[in-house]
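To start, the structure under review is shown below, and the notes come after it.
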Amino acid sequence: MSPTREHTAGRGRKIRWVLGLLRPYKVRLVFMVLAVLISTASALAPPWLAGHAIDAGIETADISALNLTIALFAVAVILNAATSWLQTWLVGWIGIRVLQDLREQVFKHIQRMSIGFFNRNRPGTLISRMTNDIEALNQLISDGIVTLFSNLLTLIGVVAIMLLLDWRLALITFSVLPLLLITSLVFRRYSTGAFRETRERIAVVTAHLQETLSGVRVVRSFGQEQRHIDHMTELNEANRQANMKTVYLNASYFPATELLTAVGTSAILLFGGYQTIEGNIMIGVIISFVGYLQLFFDPIQQLAQLYATYQQGMAALDKIFGLLDTEAEIVDSPDAIDPPRLEGKITFDDVSFSYDDSENWATKGIDFEIEPGETVALVGSTGAGKSTLAKLITRFHDPQRGRILIDGRPLSDYRQRALRGQMGIVPQEGFLFSGSIAENIAFGRPDASIEEIAAAADAVGATPFIERLSDGLETEVGERGVQLSSGQRQLVAFARVILAQPRILILDEATSAVDTRTERVIEAALDDVLEGRTAVVIAHRLSTIRRADRIIVLEHGEIAESGSHEELLAAGGRYAALYSNWTA
């Protein structure tokens, strides 16, 4: 298939998808169409009625004909006002609902994406898809479709009425159409790329804004505010220049159509005036024609403006479709099951994984087993593959080679959501959502009672600092938990995992943000939590590592050593060297 045909097929698919968004509201759409039809018909009546009032009433001094025409004129105006109100209300109602549905559809799709997707896409860009692009598409759906339908009907009606009134005047009016067509084609050619660029530029601006706000503490700590301001200025200027291209195009096109309208009006008045003087055309016909002339050019101008909206909407739709067409890398197989209560045996069977699907392996040929209830510590230098193994266990990624089994079944045999429901993960920096401390602790078990929430907080030693807060467990933590210290956020994260009572627990440098006293409290609590549960611990602190049943030493993505603390020290290998550095 040629590129042009592929493009056409893709564009047709997108238009069908847009129409599919309107399908749930087809009853209101029917009423909206009826309102548009009546509104358009009533808007076409006044110019003819004005001419008729002159020819049949004023010129002939027929009062009854004049009164009847004026009454019909008033009915047409009132009917147009009522149906225009109904049309506007229905368009707004449908547009808001479609916008709501579209945002939910895009958000649900993003939620289904694999972790790798978020590593490749900046949050600000995704936010731009959810806001700027959806809003541009909504303008196309809510305003564009009605504008297209209404103006096409108006244009067809005006052409028909003009031909009926006087075909010679109609041909004079139509003579400017080739110039309008040429102008529109030029506008279309240059506007397509310009509007697409505006969508790309605003996405980059939004992405930089989100990144700067998220990392504001780092920016402040290094005194790099001016650097970020300068970069935003550059991006904002590029965005301004992209938008100015569309301004120049609009500023050139729309005055040109206004000029053609004036030329058409002058030609009608000139030719029609001579014909009236000679008695070939009644003056009312000229009056009607001048009225219809504006109705003739207005739809053409609005359709041209609609093309600008169409370009913006389709550029936004391209971005949204690019997002919706992105498939999740990690998907449940058709015959995947919800796991029963896990025993917790984890098996790595010759596992190799690369983040970029290349031969640059983050882990290579990993082979080991973790028995149910066993606590295994993963140690090694930065980049050795410790966190990668934790991500593979939770199936945030799938290995390119080998497989990982839990209780003797490959991870792909289990539904992801149900599997992770029996896992607890505490990362190096506990992420908290805006809301109360209680809501954050109960995140994994929304149905937990306040007593259970308080018990989980007490188990990790969080109760003392919580009691010092003004509202206790109901204290609002702010976005990302900014109202709490890093150690306090980590305690809440630990309490969240403990309340969820996972069968498999993964601690990724989980105690690095807390002081030694708090760490001892957490470790004491973990003794109870880990009873009968499997745990994978990534840590540098000796107290955490020495408590493990087994220690696996990783180096360059491969297993260098494995054994207990005492066995590895006695071996005098890599672990002994690491231990020596830690205690130095």
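The values are calculated or read from the model by the stated rules, or taken from the named source; none is laboratory data. From a predicted model like this one, the values you see are computed outputs, not experimental measurements. Every residue, glycine among them, receives a Cβ derived from its backbone with ideal geometry; neighbour counts consider all protein chains shown.
Observations on the structure shown:
- Of the residues making up region 239-289, those that are closer than 25 Å to A65 by Cβ and either of a type in the set (K, R) or surrounded by 18 or more Cβ atoms within 10 Å (Cβ to Cβ) (or both) number 9.
- Looking across region 324-359 at every residue that is buried (at least 19 other Cβ atoms within 10 Å of the Cβ) and either of a type in the set (V, I, T) or assigned to a helix (DSSP H, G or I) (or both), the one that is nearest to the chain's Cα centre (by Cα) is identified as V351.
- Within the span defined as region 99-115, one or more residues are at pLDDT below 80 and surrounded by 16 or more Cβ atoms within 10 Å (Cβ to Cβ).
- Taken together, S352, S333 contain a single residue that is farther than 30 Å from N138 by Cβ, outside the structural domain of L389 (by TED's automatic domain parsing) and of a type in the set (S, T, N, Q), which is S333.
- Residue within region 264-278 that is assigned to a helix (DSSP H, G or I) and within 30 Å of G144 (Cα to Cα) present: yes
- Scanning region 361-376 finds one or more residues that are part of a loop (DSSP other than H, G, I, E, B), under 23 Å from L505 (Cβ atoms), at pLDDT 85 or above and aliphatic (A, V, I, L, M).
- Looking at I370, I404, just one residue is in contact (Cβ under 8 Å) with a residue 60 or more places away in the chain, at negative phi and not polar (S, T, N, Q), and that residue is I370.
- Residues that are closer than 15 Å to V497 by Cβ and modelled with pLDDT of 85 or more within region 425-438 comprise just one, I437.
- Odd one out for S288 among (1) small (G, A, S); (2) assigned to a loop (DSSP other than H, G, I, E, B); (3) assigned by TED's automatic domain parsing to the domain that holds P46: (2)
- I96 being at pLDDT below 85, over 15 Å from Q139 (Cβ atoms), surrounded by fewer than 16 Cβ atoms within 10 Å (Cβ to Cβ) and more than 13 Å from the chain's Cα centre (by Cα): no
- Counted as qualifying within region 459-536 are the helices (runs of 4 or more DSSP H) with 3 or more residues that are modelled with pLDDT of 85 or more, namely 463-468, 486-500.
- Restricting the search to helices (runs of 4 or more DSSP H) fully inside region 1-115 and requiring at least 3 residues that are under 25 Å from T131 (Cβ atoms) gives 3-22, 63-112.
- Residues satisfying the stated conditions in region 330-349, i.e. among the acidic types (D, E) and touching a Pro at 6+ places or on another chain (Cβ under 8 Å): E343
- Summed over region 398-426, the residues that are among the hydrophobic types (A, V, I, L, M, F, W, C), within 29 Å of the chain's Cα centre (by Cα) and part of a strand (DSSP E or B) give a count of 3.
- Hits in region 334-361 - residues which are among the acidic types (D, E) and under 17 Å from E555 (Cα atoms): D350, E359
- Residues of region 560-584 satisfying the condition of being of a type outside the set (S, T, N, Q), in a strand (DSSP E or B) and in contact with a strand residue (DSSP E or B) (Cβ under 6 Å, 6 or more places away or on another chain): A560, E561
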